[in-house]
């Protein structure tokens with residue numbers, strides 16, 4: 001069998017291929033030329049297949065008419081349980097002085113009208129002295145009027161003296177009434193000490209007084225904060241990207257860390273149209289009934305916005 005020199009690789013130069021063909025004899029030259037052309041076409045087709053870019057996926061809008069759009073994920077907002085501001089009372093003392101004793105501590109449950117603290121005040125003492133002096137002046141003025149009227153009936157006093165005595169009685173009575181009303185603004189015990197009482201029932205959620213403390217009314221914040229926990233607020237934080245998805249009246253589902261398996265239904269009853277300067281979030285509020293006072297102010301919560309049903 002007659003052997004032929006090996007064919008050059010298609011990647012070799014054109015000059016080498018021509019030289020190779022010239023060395024061949026005429027019958028073999030044609031066969032080698034056909035083989036070289038076949039190998040070159042295979043290499044070119046392989047290169048073309050590698051260089052051809054991958055087909056691009058069809059745009060999303062091309063299939064939108066054939067597939068239903070997937071529903072948007074529920075929006076979950078971080079939140080916190082807060083005291084119901086409509087059921088919260090901040091108790092301020094009307095006068096300054098010294099705290100003799102405190103009748104309630106932080107977390108205690110109190111009744112309406114219960115004494116929270118007892119104070120000794122110099123202002124109260126001054127009002128009591130004025131009231132005592134005014135009562136004495138009124139008694140003296142009435143006695144003078146009685147004597148003057150008796151002298152007038154006996155012809156020993158002029159009618160003008162009677163008028164002056166009556167005017168003095170009216171002045172003293174007015175001063176006594178004014179002092180009495182001023183004292184009536186304060187709750188005093190039988191010893192004349194000022195009693196600080198709560199106007200509402202609930203729990204003490206803040207306390208700023210202690211026995212032995214001296215203060216002026218303008219230098220102290222609310223002495224006590226009393227909160228009725230029969231209902232609470234859930235304050236949800238709404239970030240800027242979600243402002244358009246939150247609106248008043250929207251149904252929500254609320255869960256807490258303490259009761260993760262007991263979601264509470266509610267609705268957004270207020271959307272505060274102001275962003276916090278530091279956190280850049282807007283607050284949305286839900287009001288929840290709180291039977292058994294299970295929800296406590298300060299507890300963390302998650303507020304999941306339920307999708308609005310479509311007709």
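None of the figures in this text is laboratory data; all of them are computed from the coordinates on show. Model, not experiment: these values are computed from the prediction. As a convention, Cβ positions derive from the backbone with ideal geometry for all residues, glycine included, and neighbour counts pool all protein chains shown.
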Footprinting exposure proxy for 131, 277 (fewest neighbouring C-beta atoms within 10 Å first): 277, 131
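Just to verify a number: FRET efficiency for residue 177 and residue 92, C-beta to C-beta distance, R0 = 30 Å, to 0.05? Display every interim value, and only then the final one.
Values: r = 26 Å, r/R0 = 0.88.
It comes to 0.70.
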Global form of region 61-210, assessed from the alpha-carbon gyration tensor, a/c cut-off 1.5: prolate
Spacing of the two label points (7 Å from each Cα toward its C-beta) at residue 140 and residue 296, in nm: 6.2
Range of Cα positions in region 153-269 per principal axis (Å), largest first: 95, 39, 26
Region 72-139: radius of gyration and largest Cα-Cα distance (Dmax), Å: 22.2, 83
Shape category assigned to region 139-214 from the gyration tensor of Cα positions, a/c cut at 1.5: prolate
Stokes-Einstein translational diffusion, region 260-311 - Kirkwood Rh over all Cα pairs, 1.567 mPa s, 4 °C, in µm²/s: 95
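How much length is gained if the chain between residue 278 and residue 262 is pulled fully straight, taking 0.36 nm per residue apart and subtracting their Cα-Cα distance, in nm to one decimal? Numbers along the way, then the final one.
On the way: separation 16, 0.36 × 16 = 5.76 nm, distance 3.28 nm.
Difference between extended and current length: 2.5 nm.
For 190, 296, 143, 283, what ranking results if the residue with the fewest other Cβ atoms within 10 Å of its Cβ goes first?
Details: 190 5, 296 15, 143 12, 283 20.
Sorted ascending by nearby Cβ count, the order is 190, 143, 296, 283.
Rounded, prolate or oblate: which fits region 201-249, taking a ≥ b ≥ c as square roots of the Cα gyration tensor eigenvalues, rounded meaning a/c under 1.5, else prolate when a/b beats b/c? Walk me through the intermediate numbers first.
Numbers: a/c = 4.78, a/b = 2.35, b/c = 2.04.
Prolate, because a/c is 1.5 or more and a/b exceeds b/c.
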